[in-house]
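The values are calculated or read from the model by the stated rules, or taken from the named source; none is laboratory data. Because the structure is a prediction, the values reported are computed rather than measured. Cβ placement follows ideal geometry from the backbone for every residue including glycine, while neighbour counts extend to all protein chains displayed.
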Amino acid sequence: MERRRFLKKGLFGLAALMMANVAQVANSFAAVVLNAEVGKLKYKEKSSFPNKNCLNCAHYKERAGKDLGECNLPLMKKQMKADVVLVDKEAYCSMWAAIKK
């Protein structure tokens, strides 16, 4: 009987630990998004400029079949504290640059 109680408590503790990690990741993600929006880049989910968005930016790398693409801007990676930063193709930031043809 002691064994069952030990296993139940252990599994409950493990589940609680996993939930705490999920909450921490969600909080980190929200902080990153907020940091990008208010930071130097002035990142916006939806561009207010008709012909300026991530889809036609030199720093944007489209991913096949995905709504989000990769932003290769070093400042964006630094601000987001990530090696890979995914942004919406309709988004905009103050570092937008036209694609050179």
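The table for this structure:
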item: Cβ pairs under 7 Å, 6+ apart, first in segment 74-92 and in contact (Cβ under 8 Å) with a residue 24 or more places away in the chain and farther than 16 Å from ALA64 by Cα, second hydrophobic (A, V, I, L, M, F, W, C) and loosely packed, with under 13 Cβ neighbours inside 10 Å; result: TYR92/PHE49
item: Qualifying position, being exposed (fewer than 15 other Cβ atoms within 10 Å of the Cβ), modelled with pLDDT under 80 and of a type outside the set (S, T, N, Q), among ALA15, ALA36; result: ALA15
item: Tally of residues being in a loop (DSSP other than H, G, I, E, B), out of contact with any Leu (no Cβ under 7 Å at 6 or more places or on another chain) and surrounded by 10 or more Cβ atoms within 10 Å (Cβ to Cβ) across segment 51-61; result: 3
item: Leading residue by the ranking (surrounded by the fewest Cβ atoms within 10 Å (Cβ to Cβ)) among those in segment 67-97 that are part of a strand (DSSP E or B) and of a type in the set (Val, Ile, Thr); result: VAL85
item: Test result for SER48, modelled with pLDDT of 90 or more, in contact with a Leu (Cβ under 9 Å, 6 or more places away or on another chain) and small (Gly, Ala, Ser); result: no
item: Residue check, ALA64 modelled with pLDDT of 85 or more, exposed (fewer than 10 other Cβ atoms within 10 Å of the Cβ) and under 22 Å from LYS101 (Cα atoms); result: yes
item: Every pair of residues 6+ apart whose Cβ atoms lie under 6 Å, when the first sits in segment 51-69 and is among the aromatic types (Phe, Trp, Tyr) while the second is modelled with pLDDT of 90 or more; result: TYR60/CYS54; TYR60/GLY69
